[in-house]
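The numbers here are math on the coordinates, done by the rules we state, and not lab data. Here the structure is a predicted model, which means the values were calculated and not measured. Quick reminder, even Gly has a Cβ in these numbers, built from the backbone with ideal geometry, and neighbours come from all protein chains shown.
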Amino acid sequence: MQKDVIFAGFGGQGILLMGSILAHAAMDLGYEVAWVPSYGAEMRGGTANCTVVIGDRPIGSPIIRNPQHLVAMTRPSLEKFGPMVKPGGVVLINSSLIPIDCGRDDVDELKVPANDIANNLGSVKAANIVALAAFVARSKIVDFDMLQKCMKSAFKEKEKLIALNMAAMAEGKRVAA
């Protein structure tokens, strides 16, 4: 078994953090994991994406040409990676920033207004956690409870953000149902 996902957007949206939390959840569940970040030199505002590969045996290559899943936080990300997703995969679209759909009927398209939900919870910075939770709830790529545990661990140095991000996870899971 091998599952893979590309998280993509702009620097500053927490793209790499989404991938890191998912990778840690998969590792804690005993899977082999590869996490490959990629970002432009300008960081905040530039392009950012990461690939997470999860397997039940050693991963031969972390480079994925046709991902099984995509979490697109911006329109350029959807336009770049959307056509590459394998049929049957989940394509999460941050509908707060992306006014179009993926234009495919062979994938499970999930539109989530991640920025709007996060803003309503108190901080647009939690949009990545809303999207991550919605993606995991829909794809079932890892156990949701383990994802929550790993999110808490990722924010252990910033305890005041845990409650916000737990609320973001709950809302993400709710909208994915």
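Hey, does region 73-88 have a residue that's among the charged types (D, E, K, R), under 15 Å from Gln13 (Cα atoms) and out of contact with any Pro (no Cβ under 7 Å at 6 or more places or on another chain)?
Let us first name the residues in region 73-88 that are among the charged types (D, E, K, R), namely 75, 79-80, 86.
From the residues that got through so far, the ones that are under 15 Å from Gln13 (Cα atoms) too are 75.
Checking the rest, the ones that are also out of contact with any Pro (no Cβ under 7 Å at 6 or more places or on another chain) come to 75.
For region 73-88, residues among the charged types (D, E, K, R), under 15 Å from Gln13 (Cα atoms) and out of contact with any Pro (no Cβ under 7 Å at 6 or more places or on another chain): present.
Residues in region 85-97 that are crowded, with 20+ Cβ neighbours inside 10 Å, out of contact with any strand residue (DSSP E or B) (no Cβ under 6 Å at 6 or more places or on another chain) and assigned to a loop (DSSP other than H, G, I, E, B): how many?
2
What pairs come up if the first residue lies in region 131-153 and is over 14 Å from Ser20 (Cβ atoms), the second is in a helix (DSSP H, G or I) and β-branched (Val, Ile, Thr), and their beta carbons are under 8 Å apart, counting only those six or more places apart or on different chains?
That search, which allows pairs on different chains as well, returns Ala134/Val175; Phe144/Val136.
Which residue, of Gly30, Gly103, Gly55, is touching a helix residue (DSSP H, G or I) at 6+ places or on another chain (Cβ under 8 Å), more than 23 Å from Val124 (Cβ to Cβ), surrounded by fewer than 20 Cβ atoms within 10 Å (Cβ to Cβ) and of a type in the set (Gly, Ala, Ser)?
Answer to the selection: Gly103.
Kindly indicate whether any position in region 64-74 is on the phi > 0 side of the Ramachandran plot and surrounded by fewer than 16 Cβ atoms within 10 Å (Cβ to Cβ).
no
Can you pull out every residue in region 108-141 that is more than 14 Å from Phe7 (Cβ to Cβ) and either surrounded by 23 or more Cβ atoms within 10 Å (Cβ to Cβ) or of a type in the set (Gly, Ala, Ser) (or both)?
Ile117, Ala118, Gly122, Ser123, Ala126, Ala137
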